[in-house]
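As structure tokens, the structure follows; a few thoughts come after it.
Every number here is computed from the coordinates shown, using simple stated rules; none is lab data. Please read all numbers here as calculations on a predicted model, not as lab measurements. With ideal geometry, Cβ positions are generated from the backbone for all residues, glycine too; neighbour counts draw on all protein chains shown.
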Amino acid sequence: MTSLDSLIVLLVIAGGLAIAFYIFKRRGGVAKKQCGYCRSMVRYNALHCPKCGYEFIIG
Ligand SMILES: [Zn+2]
């Protein structure tokens, strides 16, 4: 195995991880919820709506 071969292997692994991470994000890795006031989609763990400022009650 030459150093070039190992470099290619590393690139393939890095590329695979990048694709897996991309799919994870696309599939809603960051969960969202709907603002009860303006109905825009916001991050699930947001404390308030970034659009209208509505505060969420987190139980
Ligand atoms: Zn809102």
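For the chain, with equal point scatterers placed on the C-alpha atoms only and solvent neglected, what are the log10 I(q)/I(0) values from the Debye formula at q = 0.28 1/Å, to two decimals?
Debye intensities relative to I(0), on a log10 scale: -1.02.
Are there any trypsin sites (Lys or Arg not before Pro) in the chain that are in a DSSP loop and have at most 12 other Cβ atoms within 10 Å? List them by number.
Arg27, Arg39
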